[in-house]
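The values are calculated or read from the model by the stated rules, or taken from the named source; none is laboratory data. Just so it is clear, the structure is predicted and the values come from calculations on it, not from any experiment. Cβ atoms come from the backbone with ideal geometry, glycine included; neighbour counts cover every protein chain shown. Areas reflect the complete protein model, heavy atoms only, side chains present, ligands, DNA and RNA absent. Shrake-Rupley method; radii C 1.70, N 1.55, O 1.52, S 1.80 Å.
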Amino acid sequence: FKTCPGRVLCKLPCSGEKEVDLAVQSAKAAFKIWSQMSGMERCRVMLEAARIIREQREEIATMETINNGKSIFEARVDIDISWQCLEYYAGLAGSLAGEHVQLPGGSFGYTRREPLGVCVGIGAWNYPFQTACWKCGPALACGNAMVFKPSPFTPISVVRLAEIFTEAGVPKGLFNVVQGGATTGQFLCQHPDVAKISFTGSVPTGMKIMEMAAKGIKPVTLELGGKSPLIIFSDSDLDNAVKGALMANFLTQGEVCCNGTRVFVERKILDTFTKEVVKCTQKIKIGDPLLEDTRMGALINRPHLNRVQGFIKQAKEQGAEVLCGGDLYVPDDPKLKNGYYMRPCVLGNCKDDMTCVKEEIFGPVMAILPFDTEEEVVERANATKFGLAGGVFTRDIQKAHRVVAALKAGMCFINNYNVSPVELPFGGYKSSGFGRENGRAAIECYSQLKTVCVEMGDVESVF
């Protein structure tokens with residue numbers, strides 16, 4: 001691979017109905033083998049896959065940077081999170097168990113945690129490799145097989161993941177990859193042998209997937225969009241709060257679903273905070289994502305770049321002030337001139353009813369909004385159809401816990417932001433979806449409970 005901004009990396013054929021069926025049948029055959037293996041046997045194979053990813057970290061991170069456009073610095077973090085995810089669920093695979101319940105007269109009952117079957121994963125383009133691991137980690141640990149469809153904008157790195165699983169020793173077909181867009185996804189969701197669907201992406205697509213799944217009574221996990229609040233109180237450590245705001249808005253070129261893009265700042269520190277955020281934003285190094293000192297690469301494609309620019313234009317028309325950035329960026333390197341770069345943008349003079357404050361932009365655009373009281377900011381923070389994440393910066397720990405308890409969001413941060421340890425569940429409230437990635441909670445999403453009641457005496461008949 002070479003850095004090829006604005007040019008075609010490779011061409012992959014879309015998987016049609018026939019290819020999707022072949023993938024599902026292959027996974028179904030592998031499931032029969034994998035589901036009969038002990039948890040410890042599955043653990044060893046998953047640990048081997050994690051070891052290979054860790055060993056090939058640099059190669060995979062480079063592939064992911066070219067695949068997505070994010071900086072190599074961030075891509076390495078994504079790959080580390082990926083192998084950690086597989087290690088974590090490998091550890092859980094051998095400990096999955098039901099419970100024994102004593103009943104009267106020596107009778108007893110027990111529960112079995114059983115796999116679902118062939119699960120479908122549909123990934124997003126912002127974290128291609130990591131999202132695939134977040135979905136297949138708990139799925140495989142529970143004994144399921146998976147057919148995964150990456151975004152057509154980032155089709156490359158997940159194919160490498162499939163190769164790694166094969167090298168690690170999974171049954172042939174256990175982790176299958178199909179390529180394509182909405183039509184391929186539809187074939188997957190409607191396939192009668194698919195037991196569960198896990199989707200990461202936009203709210204409109206999530207609604208369509210839920211509709212299709214409902215017709216087959218299939219469980220779904222939906223990790224959708226967000227317009228998350230980040231609340232900065234005047235008693236916070238200012239330098240830390242500024243760092244938190246940058247982390248909450250500009251990772252992966254702002255293309256992160258849980259970003260805290262509505263930055264509520266207590267009025268008494270509004271000017272100081274804004275001045276410092278603008279100064280730090282202007283220092284962000286943009287350019288070739290494969291260079292070590294680059295901190296912001298290119299957006300995913302031209303239509304998305306145009307969409308983000310459209311939001312900024314509309315924000316200005318509605319009265320917002322562009323405090324910095326928002327314009328296209330053309331690197332000095334001539335080979336990067338056709339890349340989809342823009343300067344990270346900070347918007348001031350924002351109001352809650354502006355489109356830039358209400359709608360998910362999914363780009364490097366931060367909206368700053370002043371507030372006066374805790375009660376007021378909590379009410380405004382919750383006044384959204386989304387509920388994926390939220391953050392609070394304050395030195396008052398009681399206030400911090402009180403505010404996050406009041407936020408209607410599935411993932412909350414106190415004095416940090418966009419930290420996603422695999423040990424902690426991740427997912428949203430309201431239109432941001434349901435079900436959970438990561439943590440023990442994901443085990444519930446990829447398994448089903450069977451109850452067995454054993455009678456040790458004669459049946460007590462009412463007849």
Restricting segment 432-463 to residues that are surrounded by fewer than 20 Cβ atoms within 10 Å (Cβ to Cβ) and among the polar types (S, T, N, Q), which is modelled with the lowest pLDDT? SER461
Do we have any residue at all in segment 234-244 that's within 27 Å of GLU437 (Cβ to Cβ), crowded, with 22+ Cβ neighbours inside 10 Å and in contact with a Leu (Cβ under 9 Å, 6 or more places away or on another chain)? yes
Unmet requirement for MET63, which otherwise passes all of (1) surrounded by fewer than 20 Cβ atoms within 10 Å (Cβ to Cβ); (2) under 30 Å from LEU336 (Cβ atoms): (1)
For segment 151-223, which helices (runs of 4 or more DSSP H) that fit wholly inside it have 2 or more residues that are among the charged types (D, E, K, R) and in contact (Cβ under 8 Å) with a residue 40 or more places away in the chain? 157-168
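Here's the yes/no breakdown for (1) buried (at least 20 other Cβ atoms within 10 Å of the Cβ); (2) touching a Gly at 6+ places or on another chain (Cβ under 9 Å); (3) hydroxyl-bearing (Ser, Thr, Tyr):
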{"residue": "PHE153", "(1), (2), (3)": "no, no, no"}
{"residue": "SER157", "(1), (2), (3)": "yes, no, yes"}
{"residue": "ILE164", "(1), (2), (3)": "yes, no, no"}
{"residue": "LEU174", "(1), (2), (3)": "yes, no, no"}
{"residue": "VAL177", "(1), (2), (3)": "yes, no, no"}
{"residue": "GLY181", "(1), (2), (3)": "no, no, no"}
If you take the residues of segment 245-258 that are in contact with a helix residue (DSSP H, G or I) (Cβ under 7 Å, 6 or more places away or on another chain) and open to solvent by less than 10 Å² (accessible area, probe 1.4 Å), which of them is farthest from TYR340 (Cα to Cα)? ALA245
Report, by residue number, each residue of segment 97-122 that is in contact (Cβ under 8 Å) with a residue 60 or more places away in the chain, open to solvent by 10 Å² or more (accessible area, probe 1.4 Å) and either among the acidic types (Asp, Glu) or assigned to a loop (DSSP other than H, G, I, E, B) (or both). GLY98, LEU103, GLU114, LEU116
Of all helices (runs of 4 or more DSSP H) completely enclosed by segment 16-89, which ones contain at least 1 residues that are modelled with pLDDT of 95 or more, in contact with a Pro (Cβ under 8 Å, 6 or more places away or on another chain) and assigned by the TED database to the domain that holds ALA182? 17-34, 57-68
In segment 369-377, is there at least one residue being assigned to a strand (DSSP E or B) and aromatic (Phe, Trp, Tyr)? yes
Listed residues GLU266, GLU255, GLU276, GLU223; which is among the charged types (D, E, K, R) and more than 29 Å from SER71 (Cβ to Cβ)? GLU266
From the residues in segment 415-425 that are open to solvent by less than 50 Å² (accessible area, probe 1.4 Å) and not small (Gly, Ala, Ser), which one is nearest to ALA132 (Cα to Cα)? VAL422
Picking from THR272, THR294, THR261, the residue that is crowded, with 24+ Cβ neighbours inside 10 Å, touching a residue at least 24 places away in the same chain (Cβ under 8 Å) and β-branched (Val, Ile, Thr) would be THR261
Among the residues of segment 192-217 satisfying the criterion of being farther than 19 Å from TYR446 by Cβ and of a type in the set (Lys, Arg), which is least open to solvent (accessible area, probe 1.4 Å)? LYS208
Let me confirm something: among ARG395, ARG380, which residue is open to solvent by 30 Å² or more (accessible area, probe 1.4 Å), outside any loop (DSSP other than H, G, I, E, B) and either in contact with an Asp or Glu (Cβ under 8 Å, 6 or more places away or on another chain) or modelled with pLDDT under 95 (or both)? ARG380
